[in-house]
Amino acid sequence: MHHEVLVTGYGLVAPGAMDASTLFRRIAQQGSGLRANPRFQRLGFINTAAGYIDEEQWARIHVATAKLPDITPPQVRLAEFVMLSALVSAGLTVDDFRHMKSGLFLGSNKFCANNRDFAVLCACLDFDGLFDLDRFLTEQAPTSHPFARRVDQQTHHLAALLGVADHVSTHADACAAGTVAIGTAFRSIQRGDIDIALCGAVELMASELPYYMFNSLGALCQAAEWPAAQQSRPFMRDRCGFVLSEGAALLVLESRQHAERRRASALGRVLGFAALCEAEKMTSSSRDGSKYQACMNAALADARCCPADIDHINTHGTSTQSNDSCEGKAVLSLFGPHLDRISLTANKSAIGHSLASSGAIEVVLSLLSLSEGVLLPTLNYRPEGAEFPELRFLSEAECAPIGTVLSNSFGFGGINSALVLGGA
Amino acid sequence: MMSGTTRPVYLLESAVLNAAGNSAEALYGQAPTANALEFAPDRRGFPLSVPRLPTDRFDRKLQRSVEAQSLRLLHCAARLGPRLEALGLPPERVALTAAIPEVDAPSPSWEAVAAMRQQPDLWLAQWFANTPPLHSLILLNSSSMAYLAEALACRGPMAGYCGQEGAGLDALLEASHNIAEGRADAALVVSTSPNITPALFLRETELEEGTTPLVPGEGAAACLLGVEPAKSDTRNVRIVGYSRGFLSPTPAQADARQADPFARVLNQVLSCEHLSMSDLSAVWSDPDDALLRRAIDNYPVRPGSRPVVGALGASSLLTDLAYALAAPEFAAPVQTNYLLLLNRSYTGHLGALLLAVEPARRAP
């Protein structure tokens, strides 16, 4: 027997937004969260555009997580903050999970040391230019040095805090990790392994190391002269790379029976999921979009629906030439006859690419579109400059009731994923 | 757990790579000796030399651009290629799941430190700026999976897990579900241990005081799952069921429901085929784990591969799986033997995997 899976809560933090409705409203009003990152400016980076959680946001996160020791890594603080928001949204307390058949599914790709960490390391080079490990360790609190941290540190922190006893996993599926974490939680509940799950992703990679990584690939926006808010322009012909970002989003999923038993309100439903390996190229997909199409088709089949059932598509839309070209072709091919009534959006135009977290944030925004009946615009989108004018991306928010959304996430290395979401 | 309404899942072949060698049988041979580590002579471990990738499967460039843990993973998993190809399945029906461990997290930082040591005059920014893109890319787990997917033609469901011992079970179960629920007809499950670097020991600050540090090993392990056993096999190895749990290693955060978590995990996995402990032919686990001993009421357990080749992190489960199945008494069974593997990671994951080793016959 398959259990129906409801979304009963969510929380998020994105660049300049501490909650989902603030972010949703800001994008609806065509506000961007992308700015010049002061840290990148100080370091003299050519392109300083980024989506980042600013000091004011961190101050609020610190207040809400004041009980944590000072040395707590920021990823852990962020995870706890968003977890608390998601629980409140779901009408749950921190103690509730420990009495339920529960799971925690968290996407995150890596813990990256930042410039501050490297400055400390450099200070420990001795006169011969050798790194003095003993000195470094002596000067650091035992658990604060970057090598003591792991990519799954926030998973274990939340699992311990919530008392999750059944399923705890960390998903490292590149840019698809958040979507895969949600999809895996969906299947675990659907299968009956657990009744309730906290799932999503936490990623803080708008920092120096990822900047170098992605810049060396030519994946970041190459037009440094453009204002930060205009650099991410998915599906436009003049797009030239993505804008690095960060954030976190967590959702509470549960079986309908479980939600009804505790009289929780549904905010939406997860209807289907697919994650496929395309084994094509490291940073690009099949030129004709066929691999992305196969993934979307598999998600639709899992949801037992067909292209005609989809009202809205939240694209992966990174603003790279390769992704948007493949995704556009895939959508055209799969949804061709229905495109006149399907609207599309690319949230990364407003908040950049937060890698693992991007899929989870986009799912939350999609759920808000379902519940509010408001379709979000794609910032910097002009039909006259679009590569695929047949695709109905909106320049302005539009009010329209929708029933089903397809949300895509395609990761480096060829991990393609898609979720089908429904209204409550 | 595998439900009666889903398809059966069979283990078709395993591959291992560790200090004992590159066959599961080698784990029963002359045990390798743990060596003093170059960077910490007072510590011992089972480091491996970096294997050479078969050039008929992988681009030659990968040998020098992929870091050690991924090379072990690719080298080990490639040995399952012929068996996978013999199944004759379309690539879209072959799933790929991976457990790639914690080395992913701080390794970029550690590489930066190593770079500083080697070239202290070079500004860090310059070093990063000159880092070849391919090298940057291998810092993502999915990149290693992509190399494998391309070499072995896997284009079905995909999932990558990051963590310690628990990630191996996550990868194995996701692959099993994909077969059981019809999304794939075969699955390649791959895993690798962390590299033995100073970073590995720096993390020991997370361990409770008084805990004996693990002797780490380097290795990789992989297995091929299918929806039906091969005709030529002398036995069928069926994945009967699983159970998992999480027990916070911080005592203050462990709660009442978790008072006997291993017992719960154990009961769940045995209930998959209505078994009791007396129905089991063998149990593999850590005989020194007091919590485990209490849960199984001192039922005799066989130690896994850890004493032989060290703690292998995310690749420990698949190594133990191969080790258990290489035990001579289960090579040609005349009746069904139920084997149980139990593990607990020091970060708190509990896992139980139940296998049935049956006389060879075609799947129903």
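Here, each number is a calculation from the coordinates, and none is a lab measurement. In this text the structure is predicted, and so the values were computed from the model without any measurement. Cβ atoms come from the backbone with ideal geometry, glycine included; neighbour counts cover every protein chain shown.
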Which shape class applies to chain A: rounded if a/c is under 1.5, otherwise prolate when a/b exceeds b/c and oblate if not, where a ≥ b ≥ c are the square roots of the Cα gyration tensor eigenvalues?
oblate
For labels at B:Glu38 and B:Asp260 in the simple 7 Å Cα→Cβ model, what's the distance in nm?
5.0 nm
Once amide H atoms are placed 1.01 Å from N in the peptide plane, what residues at a sequence separation of 5 or more from A:Gly107, or on another chain, have their amide H within under 5 Å of its amide H?
A:His171, A:Gly200, A:Ala201, A:Val202
Calculate the translational D of the protein assembly as shown in whole µm² s⁻¹ from Stokes-Einstein, where the hydrodynamic radius comes from the Kirkwood formula applied to all Cα pairs, the temperature is 10 °C and the viscosity 1.306 mPa s.
61 µm²/s
Report the gain in length on full extension from B:Leu291 to B:Gln30: 0.36 nm times residue separation, minus Cα-Cα distance, nm rounded to one decimal.
90.9 nm
State which entries of A:Lys110/A:Lys291; A:Lys348/B:Lys61; A:Lys67/A:Lys348; A:Lys110/B:Lys61; A:Lys329/B:Lys61 exceed 28 angstrom in Cα-Cα distance in the structure shown.
A:Lys348/B:Lys61; A:Lys67/A:Lys348; A:Lys329/B:Lys61
Tell me, what is the percent relative contact order of segment B:1-55, built from C-alpha pairs under 8 Å that lie six or more residues apart?
20 percent
For B:Ala327, list long-range residues whose amide hydrogen, built 1.01 Å from N in the peptide plane, is under 5 Å from its own amide hydrogen.
none
Arrange the peptides A:54-63, A:390-399, B:343-352, A:295-304 so that the one whose residues have, on average, the most other Cβ atoms within 10 Å appears first.
B:343-352, A:295-304, A:390-399, A:54-63
Determine, for each peptide in A:157-164, A:328-335, the mean count of other beta carbons within 10 angstrom over its residues, then list the peptides with the highest first.
A:157-164, A:328-335
Derived scalar couplings ³J(HN,Hα) [segment B:316-326; Karplus, 6.51 cos²θ - 1.76 cosθ + 1.60; whole Hz; x for Gly, Pro]:
5, 5, 5, 5, 4, 4, 5, 4, 4, 6, 8
Here the percent of antiparallel bridges among DSSP beta bridges lying wholly in segment B:222-364, to the nearest 5, is 75 percent
Estimated distance in nm for a label pair at B:Ser49 and A:Ile71, the labels positioned 7 Å out from Cα along Cα-to-Cβ:
4.0 nm
Inter-chain shielding metric for A:185-198, i.e. average beta-carbon neighbours from other chains within 10 angstrom, reads 2
Size of segment B:260-364 as Cα extents on the principal axes (Å, biggest first)
40, 31, 23
Provide the per-residue ³J(HN,Hα) series for segment A:3-16, in order, calculated from phi with Karplus coefficients 6.51, -1.76, 1.60 and θ = phi - 60°, each as a whole number of Hz, with x at glycine and proline positions.
8, 6, 10, 9, 9, 10, x, 7, x, 7, 10, 10, x, x
Contour excess over end-to-end distance, with Cα ends at A:Glu260 and A:Glu390 and 0.36 nm allotted per residue
42.6 nm
Among rounded, prolate and oblate, which fits segment A:294-424 when a ≥ b ≥ c are the square roots of the eigenvalues of its C-alpha gyration tensor, a/c under 1.5 means rounded, and a/b larger than b/c means prolate?
rounded
For Cα pairs less than 8 Å apart in space and 6+ apart in sequence, what is the mean separation divided by the residue count of chain A, i.e. the relative contact order in percent?
24 percent
Per-residue mean of other chain beta-carbon atoms within 10 angstrom of the beta-carbon, peptide A:174-181?
3
Partner chain coverage, peptide A:211-220 - average Cβ within 10 angstrom:
4
Calculate one ³J(HN,Hα) per residue across segment A:388-404 by plugging θ = phi - 60° into the Karplus curve 6.51 cos²θ - 1.76 cosθ + 1.60, and present them in order as whole Hz with x for glycine and proline.
10, x, 6, 7, 8, 6, 9, 8, 10, 4, 9, 8, 6, x, 10, x, 9
In a shell of Cβ-Cβ distance under 11 Å around A:Ala356, excluding A:Ala356 itself, what net charge do Lys and Arg (+1) and Asp and Glu (-1) give?
-2
Once amide H atoms are placed 1.01 Å from N in the peptide plane, what residues at a sequence separation of 5 or more from B:Arg183, or on another chain, have their amide H within under 5 Å of its amide H?
none
Among A:193-202, B:233-242, B:266-275, A:234-243, the order from most to least packed when residues are scored by Cβ within 10 Å on average
A:193-202, A:234-243, B:233-242, B:266-275
Virtual spin-label span in nm between B:Arg64 and A:Asp309, 7 Å along Cα→Cβ
5.3 nm
Cβ-based net charge around B:Ala86, under 15 Å, with every Lys or Arg adding one and every Asp or Glu removing one:
-1
Expected max-MSF residue from A:Arg26, A:Arg233, A:Arg269 in the GNM of chain A (alpha carbon, under 10 Å) is A:Arg26
